1. Hey, among LYS52, LYS36, which residue is over 20 Å from PRO428 (Cα atoms), in contact with a Gly (Cβ under 6 Å, 6 or more places away or on another chain) and open to solvent by 60 Å² or more (accessible area, probe 1.4 Å)?
2. Determine, yes or no, whether GLU436 is of a type in the set (D, E, K, R), part of a loop (DSSP other than H, G, I, E, B) and either in contact with a Pro (Cβ under 8 Å, 6 or more places away or on another chain) or surrounded by fewer than 22 Cβ atoms within 10 Å (Cβ to Cβ) (or both).
3. Which of the residues that make up the stretch 157-189 are open to solvent by 40 Å² or more (accessible area, probe 1.4 Å) and among the acidic types (Asp, Glu)?
4. What is the one condition in (1) closer than 17 Å to ILE424 by Cβ; (2) assigned to a helix (DSSP H, G or I) that ASN12 does not satisfy?
5. So, in the stretch 76-96, of the ones that are small (Gly, Ala, Ser) and either at pLDDT 95 or above or in contact with a Ser or Thr (Cβ under 6 Å, 6 or more places away or on another chain) (or both), which residue ends up nearest to PHE56 (Cα to Cα)?
6. Within the stretch 36-54, does at least one residue satisfy the condition of being modelled with pLDDT of 95 or more and polar (S, T, N, Q)?
7. Farther than 17 Å from VAL327 by Cβ, among the β-branched types (Val, Ile, Thr) and open to solvent by less than 40 Å² (accessible area, probe 1.4 Å) - does that describe any residue in the stretch 78-93?
8. Which residues, counting only those in the stretch 299-318, are of a type in the set (S, T, N, Q) and not in a strand (DSSP E or B)?
Amino acid sequence: SKPLDYENLNENVKKCQYAVRGELYLRASELQKEGKKIIFTNVGNPHALGQKPLTFPRQVVALCQAPFLLDDPNVGLLFPADAIARAKHYISLTSGGLGAYSDSRGIPGVRKEVAEFIQRRDGYPSDPELIYLTDGASKGVMQILNVIIRGQKDGILVPVPQYPLYSATIALLGGSLVPYYLEETENWGLDLFNLRQSVANARSQGTTVRAMVIINPGNPTGQCLSEANLRQVLSFCYENNLVLLADEVYQQNIYQDERPFISARKVLMGIGPPMSNELQLVSFHTVSKGYWGECGQRGGYFEMTNISPETVDEIYKVSSIALSPNVPAQIFMGLMVNPPKPGDISYDKFITESKGILESLRRRARIMTDGFNSCRNIVCNFTEGAMYSFPQIQLPARAIEAANRAGKVPDVFYCLKLLEATGISTVPGSGFGQKEGVFHLRTTILPAEEEMPEIMASFKKFNDDFMDQYEEDHHKAYSRM
């Protein structure tokens, strides 16, 4: 047999699972080819579901991509003066426009803009030398995990339910995933007792736990961590000598006022020494989420706190293998962290567009959560942040038996039936991890606001029919509302 035959492949590749583009997505793609209208709510991909790009950043990047437009005498008729000025600024930071490699860490001028953004956000200075630009946050996460995981005895604490980037990357790198369960009844809060137990269990099996991941706001669970919870996490990492990986890509996606986003770094700096000088922290952000939604541009960064200069050099070396993060995305990142300011020509339009998107997302989070909670046998926490609803589906025993007969995990069975009946493509909770015997699905809150009531109505009708089909007769009256 040949080297690239299935049986000869790297076993870690085969172990790697990624539910967001898994069985359901593949089936949805088939149905779409057959002409069925599919609503892809399986991945946080705002522009694919009709969100319009923000005007100002696209104007700036368009001018950077086509610098000959800057020489056209009519450029001022098509583009506002502040967009022209910013395009010239970014082109001057490159060593030959968007077609030239940048420094492997990213353009220094853009990293400086990121550092200034972090300082404004947190109230503590940030060092551009400790900020690396990456092709989306995912590439940054993969780089850092690559440096941390030395072998299968190295464990990474990951919240369950989790975004499968973590499980997939840990499997690919040959490490061990150490799950800690979020408490659904406590609004997906973090339970310290459970965290301690997870570490103790892993250690008793000979695993060295080296890092802890938090996703805040949560994906797929949509919760925002409180400052008190973040303090507990930081203390826990400090006591257990763990590096904290703070996935904060949804920090602009907040849909309530009680729990604003607070960065792990801000809380750490607020605690003060010795912890603030010693605890190792890597924080991640992206242009793919927020009200930007520029997923296809693949722009991201990570910032390192209390990481030794020797290690930073090693991470630089790893970044250098790919030569350069993509340059247009770096400019998107610069624009995201340094948007138009009051008094700029483009400011009013930028604010109107941004607010419009965020306010609509806030309304959609509400429509979707209320919609799920009005359905029979479904319980759903309110989506406080991020872009997802993660309702729990209380599947009747007969549905679970039918799924077992069909050789499917019960929530995969439910989601496939939902897809066939309605064209709504979701991800089963089993793709993110969940407690034994509990079933969920994840959907984004991204479908267009005007389509939301219709989508929720078709979901409700499907769920009613499903429950009618599989429930014992005496349960039929049960509803949460």
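1. LYS36
2. Yes: the conditions hold for GLU436.
3. GLU183, GLU186, listed by residue number.
4. (1)
5. This residue is ALA83.
6. No - not one qualifying residue is present in the stretch 36-54.
7. For the stretch 78-93, residues farther than 17 Å from VAL327 by Cβ, among the β-branched types (Val, Ile, Thr) and open to solvent by less than 40 Å² (accessible area, probe 1.4 Å): present.
8. ASN306, SER308, THR311
The values are calculated or read from the model by the stated rules, or taken from the named source; none is laboratory data. Computed from a prediction, not measured in an experiment: that's the story for all the values here. We place every Cβ from the backbone using ideal geometry, glycine too, and count neighbours over all the protein chains shown. To get the accessible areas, we keep the full protein, side chains included, count just its heavy atoms, and leave off ligands, DNA and RNA. Shrake-Rupley method; radii C 1.70, N 1.55, O 1.52, S 1.80 Å.
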